[in-house]
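The values are calculated or read from the model by the stated rules, or taken from the named source; none is laboratory data. Because the structure is predicted, anything quoted here is derived from the model rather than measured. Here the Cβ positions follow ideal geometry from the backbone for every residue, glycine too, while neighbour counts run over all protein chains shown. What goes into the accessible areas is simple: the full protein's heavy atoms, side chains included, and nothing from ligands, DNA or RNA. Shrake-Rupley method; radii C 1.70, N 1.55, O 1.52, S 1.80 Å.
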Amino acid sequence: AGQLLATAKRYRYRVRLDGRIGWMAGIGAVFTPHLRRGKGYASQLIERLLDIERREGALFAALFSEIGPVFYERLGFVPIPLDDVTISVVRRNGAPAILVRAGDQRDLPAIEAMHHVRSANARFALNRDRTMIHYALAKKRLLAGLGRDGLRQVEFVVAEEGASAVAYAVLHENANGWTLEEAGDRDPAAARLGAMLQVLVAREPSAPMPVIRAWWPAAFPVPPQITLTDRSPARDVFMIRPLADVPMPAKAEDVFYWHSDYF
C-alpha cells in the first residue's frame, strides 16, 4: 500500500474524423518506476483508463510514444505518420512589404476560422476553437517563462489587412533553432505566411539562417517563398486506438496536425 506502481494522465480533445465530431482521449505521462517494470502495471492502468473513456463515449484514444511503437502496439494502438520537415526560407534583399505584429486575443476568432478552412479536407483533425488555441498559446508561454533566461522563447505573430488577422505563426525558439508550432493563412497559396517568415529571418540579416523544423500537414500548402526538405517521420510516434466503430486514418495525408497539438 502506498507504493507507486504506474502513473498516467488523460486529456480530452474535440476532434473531427471523417466528418464525425466527437472527442479523443489523450493518454500522456505514462511512467512505471524502474523496480516495478515488467509486471504489466502500466498496461493495466491504460486499459482501465480506456475502459472509462469508452463507456463515456470517446471515439478513440491517442498517445505519443517516445520509446517506439512496439509496447503500445501490443495494447492495440497503431502508428499514424506525421511528417517532420526542415523549412528553408528564401532570403530577400530586405524584408517584404507586409505588416507583421504580435498576435493577441482579438486574433483568435480569425485563427479559428483559418484552421477550419485549412483542415476541412483532412480525414482527421482536432476541432480547434479559440479556447483551445488560447490554451495552447498560454501553455507554451508558461513553459518558456518558467525556464531559465534565454533557454527558449515563444513568438505569436500575425499579418493583418485592415483590422483583421489574415495569416499567423507560432514559433518556439531555442539554441537549436526554431520550431514552427502552428500556422495559418487565408491566402490559398499561403504566400502571406511565407512573407511573414521572410520578415522574421530578415530581422537579423547578418545572422546565419536559423534551422526551422515543423510538423507540416500534407493538406497545408507550401508557400512559394519556402521549400521543405529533410522530410522524415516525427521522432515522437503518434499512435491511436479506436474506442468506437470508426475507421482509423492510415497515412500522413489523412491527418491535419501541428506540433502545437502535441499533448
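Points worth noting:
- Solvent-free Debye scattering, log10 I(q)/I(0), computed from the Cα coordinates of the chain at q = 0.10, 0.14, 0.15 Å⁻¹: -0.55, -1.02, -1.15
- Solvent-accessible area, 1.4 Å probe, carbon plus sulfur percent, for segment 83-138: 53
- Farthest toward positive dipole pole in segment 90-221 [+1 Lys/Arg, -1 Asp/Glu at C-beta], among ALA207, ALA190, TYR168: ALA207
- Heavy-atom surface of the chain, accessible at 1.4 Å and reported per residue (Å²): 50
- If you take all other residues with their beta carbon under 15 Å from the beta carbon of GLY94, and give Lys and Arg +1 and Asp and Glu -1, the sum is +2.
- Loop-located trypsin sites (Lys or Arg not before Pro) across segment 19-60 with a Cβ neighbour count of 15 or fewer within 10 Å are ARG37, LYS39, with loop assigned by DSSP.
- Proximal lysines to LYS140, defined as alpha-carbon separation beneath 26 angstrom and excluding residues fewer than eight positions away on the same chain: LYS9
- Here the ratio of the Cα radius of gyration of segment 144-188 to 2.2 N^0.38 Å is 1.40.
- For segment 191-249, alpha-carbon Rg and Dmax in angstrom: 16.8, 56
- Solvent accessible area, Å² - ASP84, 1.4 Å probe, full protein context: 30
- Radius of gyration over Kirkwood radius for segment 5-72, both on Cα atoms: the Rg/Rh ratio is 1.02.
- Net charge of neighbours whose Cβ lies under 12 Å from the Cβ of LEU180, counting Lys and Arg as +1 and Asp and Glu as -1: -4
- For segment 174-224: Kirkwood Rh in Å [reciprocal of mean 1/r, alpha carbons]: 12.1
- Surrounding net charge for GLY145, when Lys and Arg each add one and Asp and Glu each subtract one, Cβ distance under 12 Å: +4
- One way to sum up the overall shape of segment 157-257 is the equivalent ellipsoid from its Cα gyration tensor, whose semi-axes run 28, 18, 12 Å, largest first.
- Sites listed here are trypsin sites (Lys or Arg not before Pro) in segment 69-139 whose DSSP assignment is loop and whose Cβ has at most 15 other Cβ atoms within 10 Å: ARG74, ARG91, ARG92.
- Computed over segment 1-149, Cα set: Rg, Dmax in Å: 19.9, 68
- Axis of helix 108-118 versus longest Cα principal axis of the chain: the two differ by about 80°, to the nearest ten degrees.
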